[in-house]
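Q: First the structure, then my questions, so here it is.
Where a number appears in this text, it was derived from the coordinates with a stated rule and is not lab data. These numbers come from a predicted model, not from an experiment. Methodologically, a virtual Cβ is constructed for each residue, glycine included, from the backbone with ideal geometry; neighbour enumeration extends over all protein chains shown.
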Amino acid sequence: MKLGIIDIGSNSITLCIAELYKEEGYFKILDEEKETVRLGKDTLADGTLHHDRMQKALLTLKYYKSLCDTLGVTKIKAVATEAVRKAPNQEYFINLVLEMTGISIEILSGDEEAYFAYVSTVATFTLKDYFMMDIGGSSLEIGLVRNRELVAAVSLPLGAIPISECFNVSDPLTPETSLALKRYLTTQFQAIPWLASHQNLPLIGVGGSLRNISKIHKKMVDDPMTSNHHYTLSNETVKNLYGYISKMDLKQKRKLKGLSKDRADIFTGALGAVLELMNVTNACELVISQYGIRQGLIYDTLVDGNLSKLHPIDDSIQYFMNIGQLDAKHPHHVYHLSQKLLLQLEPLLVLTQNVSDVFKVAALLFNVGTSLTFENHYAHSFYMILNGGLTGLNQTDLLRSAYVAALSHKSQYKLPLAYKALLSDAQIQEAQQLGIIIKLAKTLDRGLDHNVYDVSVTMTENTVIVKTNAKKFPYLEINKVYQIADAFEKVFEKKLVVTN
């Protein structure tokens, strides 16, 4: 099934085309497009949409319909948010679009908008408790998530466009204007009772303005990671960014690396809203989401509204295996053996946070690079894990997983210096240990026939003895293990012995 999702927002109109494999439980993005229409700008006092803005929206939707037809889309789901939701001439606009393009538009309520933003977070993060905010052109949605359930939500008319128009944030903010904006936003947020009663939670930020925050900061610190998903900033960092950008004029903001030129005139207001929400909730950190309402609608369609089916890390692993057409039996057996080894070698290991997730991704996706070419597949695996859209891990853990996967084939794999700077010495040592453990497990299944089905480990002062349980004598496997014994000894400073 090919599904086209069109999000008619107040600032931009976006299209996402995905192919859904519902039985297998995953989808693949085929194409995306975005046009800054500013449908929520130049409205009349009562919210009536401006004729010229509607015409630009119509031209954009005609183009999207043509693109969907060309790619064989079987279903188009178009949704509109705050600008159309509050417009007295919404019926005229909806009928015009239907008549001229055949696209039927559904107007989302504020609660529905918050819900689909929430779906995109629960599908791509493993966090259990957090606040969520989605700031669009005309509205701001806030949600409270407890134990991965959306327990409260609100939609406010505090989008980037109305904030910009009220406080003229395209110009450098004077101290008086900055204080007025702060007081206004704080008053709005403090009127929501459940914000104050749930403090010190992370805040997941959804939407283009939030992604621009991460892009700007990544440029400032020369962060080499390409994805914005799960990029994390402290309250102090957000405060410093706001102080820096709020002093810029429009020309300076349009030259600011990481900031989209079409958001330059409204970005300060959006950033101010993020900062004040963090202050009111004492948010411990801002976590950026790469995904939003469009992906929320896709995930909701994929699982028919049953969100309990969503498991970010496992779903991502399965996605990689499916698109790479990998035989899952070998990596799953490697994961089984490597878990046994990991548990029994634990006294020798340097383990840091989230090691189980890092290890799982590396052990199951170590050979994903073979879907490109077998030659240098370890390097392909590193790149694909790091840049292929795997969700559920923060950016550091994603890098750790990619590094471990590469080390599981090439023990001397050199991590590029820009990436190495993101890891601690302990994490680098840990990666080398995890890599050789997976390499050992891979070698014990070198025949791909699961001949070795279990292992036990004993240790002496100078030796690690691995005893195999096998269906038949593992001559090939034992011979191959001794070929990596030097690499094992270099990492653990103990000789490796294998018996059956």
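Q: Which of the peptides 131-143, 433-445 is most tightly packed, and how do the rest follow, judged by the mean count of other Cβ atoms within 10 Å per residue? Each step should come with its number before you reach the end.
A: Working: 131-143: 26.7, 433-445: 24.6.
Final packing ranking: 131-143, 433-445.
Q: Same structure again: Please give the calculated 222 nm ellipticity per residue for the chain, where each DSSP H segment of at least 4 residues contributes -39500 (n - 2.57) and the sum is spread over every residue; nearest 500 deg cm²/dmol?
A: Values: 21 runs with 236 residues, N = 500.
Per the formula, -14500 deg cm²/dmol.
Q: Report the antiparallel proportion of the DSSP beta bridges in the range 111-294 as a percent, rounded to a multiple of 5.
A: Values: 15 of 22 bridges.
If we restrict to bridges inside the range 111-294, about 70 percent are antiparallel.
Q: Right, something else. Ranked by Cβ crowding within 10 angstrom, fewest neighbours first, how are Glu430, Glu82, Glu19 ordered? Numbers along the way, then the final one.
A: Details: Glu430 22, Glu82 29, Glu19 16.
With the fewest neighbours first, Glu430, Glu82, Glu19 line up as Glu19, Glu430, Glu82.
Q: Which of rounded, prolate, oblate describes the range 312-499, given a ≥ b ≥ c as roots of the alpha-carbon gyration tensor eigenvalues and a/c under 1.5 marking rounded, otherwise prolate only if a/b is larger than b/c?
A: Numbers: a/c = 1.77, a/b = 1.26, b/c = 1.40.
Taking the square roots of the gyration eigenvalues as a ≥ b ≥ c, the range 312-499 is oblate.
Q: For Thr458 and Asn306 in one chain, what is 0.36 nm times their gap in residues minus the Cα-Cα distance, to one decimal in nm? Before the final figure, lay out each step's value.
A: Numbers: separation 152, 0.36 × 152 = 54.72 nm, distance 4.57 nm.
My answer for the length gained is 50.2 nm.
Q: Which part of the range 201-225 falls in the paramagnetic zone of Lys420, meaning amide N under 18 Å from the point 7 Å along Cα-to-beta-carbon?
A: Once the point is set 7 Å along Cα→Cβ of Lys420, 223-225 turn out to lie under 18 Å by backbone N, inside the range 201-225.
Q: Also, I was wondering about something else. Note down the magnitude of the dipole of the chain about its Cα centre, charges +1 on Lys and Arg C-beta and -1 on Asp and Glu C-beta and zero elsewhere, to the nearest 20 debye. Walk me through the numbers before you get to the answer.
A: Details: 51 positive and 53 negative charges, 226 e Å.
Dipole magnitude for the chain comes out near 1080 debye.
Q: In nm, what is the difference between 0.36 nm times the number of residues separating Asp223 and Thr370 and their Cα-Cα distance?
A: Details: separation 147, 0.36 × 147 = 52.92 nm, distance 2.78 nm.
Difference between extended and current length: 50.1 nm.
Q: OK, next. Treating only the Cβ of Lys, Arg, Asp and Glu as charged (+1, +1, -1, -1), what charge dipole size does the range 312-499 show about its Cα centre? Round to the nearest 20 debye. Let's see the in-between values first.
A: Working: 17 positive and 17 negative charges, 82 e Å.
Dipole about the Cα centre, nearest 20: 400 debye.
Q: Whole-Hz Karplus ³J(HN,Hα) for the range 101-115, in order, using 6.51 cos²θ - 1.76 cosθ + 1.60 and θ = phi - 60°, x for Gly and Pro?
A: 10, x, 8, 8, 9, 9, 8, 7, 6, x, 5, 5, 4, 5, 5
Q: Shape call for the range 127-266 from the C-alpha gyration tensor, a ≥ b ≥ c root eigenvalues: rounded (a/c under 1.5), prolate (a/b greater than b/c) or oblate?
A: Working: a/c = 1.90, a/b = 1.23, b/c = 1.55.
Here the range 127-266 falls in the oblate category.
Q: Taking +1 at the Cβ of each Lys and Arg and -1 at the Cβ of each Asp and Glu, which of Ile478, Pro312, Leu15 sits farthest along the dipole of the chain towards its positive end, judged by Cα position relative to the Cα centre?
A: Checking the options against the dipole of the chain, the answer is Ile478.
Q: Place a +1 charge on the Cβ of each Lys and Arg in the range 2-107 and a -1 charge on the Cβ of each Asp and Glu, then give the dipole magnitude about the Cα centre in debye, rounded to the nearest 20.
A: On the way: 14 positive and 16 negative charges, 18 e Å.
Dipole magnitude for the range 2-107 comes out near 80 debye.
Q: Between the range 386-452 and the range 287-363, what's the alpha-carbon centroid distance in Å?
A: 14
Q: How far is it, in nm, from the label point at Asp262 to the one at Lys472 when both lie 7 Å from their Cα along the line to the Cβ?
A: 6.3
Q: A follow-up question, please. Antiparallel versus total DSSP beta bridges in the chain: what percent is that, nearest 5? If you can, show how the numbers build up before the last one.
A: Numbers: 39 of 60 bridges.
Here the antiparallel bridges make up roughly 65 percent for the chain.
Q: Taking +1 at the Cβ of each Lys and Arg and -1 at the Cβ of each Asp and Glu, which of Thr373, Leu390, Thr121 sits farthest along the dipole of the chain towards its positive end, judged by Cα position relative to the Cα centre?
A: Looking along the dipole axis, the top candidate is Thr373.
Q: Which whole-angstrom value gives the distance between the alpha carbon centres of the range 57-124 and the range 454-481?
A: What the calculation gives is 60 Å, centre to centre.
Q: Moving on. At 0.36 nm per residue, minus the direct Cα-Cα distance, what do Leu250 and Arg183 gain on full extension? Give it in nm, one decimal, please. Intermediate results must be reported in sequence, preceding the final value.
A: Details: separation 67, 0.36 × 67 = 24.12 nm, distance 2.35 nm.
21.8 nm is the gain from fully extending Leu250 to Arg183.
Q: Kindly provide the Kirkwood hydrodynamic radius of the range 1-127 in Å, to one decimal, from all pairs of distinct alpha carbon atoms. Write out the running numbers ahead of the final one.
A: On the way: mean 1/r = 0.0652 Å⁻¹.
Mean inverse Cα-Cα distance, inverted, gives 15.3 Å.
Q: Something else now. For the chain, with the dipole built from +1 on Lys and Arg beta-carbon atoms and -1 on Asp and Glu ones, taken about the Cα centre, which of Ser411, Leu326, Leu203 lies farthest toward the positive end?
A: Farthest towards the positive end: Ser411.
Q: Anything over 26 Å Cα to Cα? Flag those among Lys22/Lys219; Lys239/Lys261; Lys128/Lys257; Lys41/Lys65; Lys128/Lys309; Lys442/Lys472, in the order listed. Spell out each step's value before the answer.
A: Values: Lys22/Lys219 38 Å; Lys239/Lys261 22 Å; Lys128/Lys257 33 Å; Lys41/Lys65 24 Å; Lys128/Lys309 15 Å; Lys442/Lys472 17 Å.
Violating the 26 Å Cα-Cα cut-off are Lys22/Lys219; Lys128/Lys257.
Q: Here is a further query. Could you tell me what percent of the DSSP beta bridges with both partners in the range 2-107 are antiparallel, to the nearest 5? Walk me through the numbers on the way to the answer.
A: On the way: 17 of 26 bridges.
Of those bridges, close to 65 percent are antiparallel.
Q: Taking θ as phi - 60°, what are the ³J(HN,Hα) couplings along the range 80-86 by the Karplus curve (6.51, -1.76, 1.60), each to the nearest whole Hz, with x for Gly and Pro?
A: My calculation for the range 80-86 gives 10, 10, 4, 4, 6, 4, 9 Hz in order.
Q: Going Cα to Cα from Lys56, which aspartates and glutamates come in below 12 Å? Please leave out same-chain ones fewer than 8 positions away.
A: Cross-link targets: Glu35.
Q: Would you please classify the overall shape of the chain from the alpha carbon gyration tensor, given that a ≥ b ≥ c denote the square roots of the eigenvalues, rounded means a/c under 1.5, and beyond that prolate means a/b larger than b/c while oblate covers the rest?
A: Details: a/c = 2.59, a/b = 1.85, b/c = 1.40.
Taking the square roots of the gyration eigenvalues as a ≥ b ≥ c, the chain is prolate.
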